[in-house]
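Here the structure is laid out as structure tokens; the discussion comes afterwards.
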Amino acid sequence: MEIVFEPDLKDGEEAAALVKELSDILLSLGTCNCKMEEGSLRVDANISVNRHGEGLGTRTEVKNLNSVRALVNAIEFEVRRQIQVIEAGGVIVNETRSYDSQMKETLPMRDKEVKQDYRFMPEPNLPPLRLVDIPDEEADSALVNIAQVRQRLPELPEMKRQRLVQKFNLNIGMAILIMNTPGFLTYFESVMELLPLPSGVRVAKVLHKVAIPALSEQDIDLDSCPIPHHVFAELYKLVESDTLNLVKAHEVFILLLNGDSRNPAQIVTDKVWMKVNDDEAISTICLQILSENSAVRAKYKTTKHEKHVNKLMGAVRKATAGKYDMRKVDICLRKFLQE
């Protein structure tokens, strides 16, 4: 299967985004596993440059790119090369080039100035493909009715993203993140079957901040996560009820991941990991940390650099074993720093 696109992409990153979206579509359709490293999907990039207001320039074709990063690098190199040739008074040759991933540059293979004879011939075992687009009507059996095929399509990536935005009130950035992270969509939707719809935004955030980093440490994707959906839902409820902060939720998740048979609430109770929200306790620890880090406090007053606030936050987190409400800690520290 070969798919050809119009020449309307402006750089390597746009080409990479197109290939990623195409891969998602093909995976949804079940027509390709899209493993570029195995040769299941390859990209040929046609590249030309032109001055503003002029037509398309002479193109070169970089063949058999086997990764998204190679595609980006090849296009970026070829754009620079063509611009240098033209600015030096040279002429771009219509040719086929290869990409050397070690040197990160393209190299000529053959020129196309002389028309290539590919010796195309009819394939007798492939009958002509005749297409029609007739909604709500039966077409001749010898024809392929695009309208009927369209109705049988599964939910495609863009449809999934829009559904996530509309159903769970997610922003488009989070919807894209969910779609681009292996296993995130399936796990997220399974958890959401156990929770009210308004929880969607916070559940996605907790999965992103708590589960993904813990799983990444053990080189596991969410689609292989051994923690049942209902157990994660229980962990989420502890965060949502303000019983547990994200730092300790991460530690609970790691214990569960390593086979701890206790439920999340029991782990939190046994470890005394309940979040501390008391304003007086938070003020006390903030004053203590500021006293112990007077030099950092002085640097902040002089420079107003956020890195000094972050250092103080880190000191509070360490001193409290991550149990305090860090949002309140941030507010409290800034209040004292302004005095």
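The values are calculated or read from the model by the stated rules, or taken from the named source; none is laboratory data. This one's a predicted model, so the numbers in the text were calculated from it and none came from an experiment. Cβ atoms come from the backbone with ideal geometry, glycine included; neighbour counts cover every protein chain shown. The protein model used for the area step is the full one, side chains on, heavy atoms only, and it has no ligands, DNA or RNA in it. Shrake-Rupley method; radii C 1.70, N 1.55, O 1.52, S 1.80 Å.
What the table shows:
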read-out: DSSP-loop GluC sites (Glu not before Pro) across the range 7-116, with at most 13 other Cβ within 10 angstrom; value: 54, 113
read-out: Calculated FRET efficiency for the pair residue 258/residue 129, C-beta based, R₀ 56 Å, to 0.05; value: 0.55
read-out: With DNA, RNA and ligands ignored, accessible area of residue 332 (1.4 Å probe; Å², nearest 10); value: 10 Å²
read-out: Principal-axis tilt of helix 246-257 within the chain, Cα atoms, nearest 10 degrees; value: 70 degrees
read-out: Listed values (1) 52, 31, 17; (2) 35, 27, 20; (3) 39, 30, 16, entry calculated as semi-axes √(5λ) of the Cα gyration tensor in Å; value: (1)
read-out: Too-long pairs where the Cα-Cα distance tops 29 Å, listed order kept, from 20/237; 205/323; 209/335; 167/335; value: 20/237; 167/335
read-out: Separation of alpha-carbon centers, the range 8-83 and the range 269-339, rounded to whole Å; value: 48 Å
read-out: Theoretical FRET efficiency, 1/(1+(r/R0)^6), r = Cβ-Cβ of residue 58 and residue 1, R0 25 Å, to 0.05; value: 0.30
read-out: Qualifying chymotrypsin sites (Phe, Trp or Tyr not before Pro) in the range 36-135, DSSP loop, other Cβ atoms within 10 Å at most 14; value: 118, 120
read-out: Point-to-point label distance, residue 87-residue 8, nm (Cα→Cβ direction, 7 Å offset); value: 3.0 nm
read-out: GluC sites (Glu not before Pro) restricted to the range 134-188 and DSSP loop, no more than 14 other C-beta within 10 Å; value: 137, 138, 155
read-out: Residue 201 versus residue 156: modelled label distance in nm, points set 7 Å from Cα along the beta carbon direction; value: 3.0 nm
read-out: Solvent-accessible surface ranking, highest first, for 229, 52 at 1.4 angstrom; value: 52, 229
read-out: Förster radius 45 Å - calculated FRET efficiency between residue 42 and residue 318, Cβ distance, rounded to 0.05; value: 0.35
read-out: Bridge type composition, the chain - antiparallel percent by DSSP, nearest 5; value: 65 percent
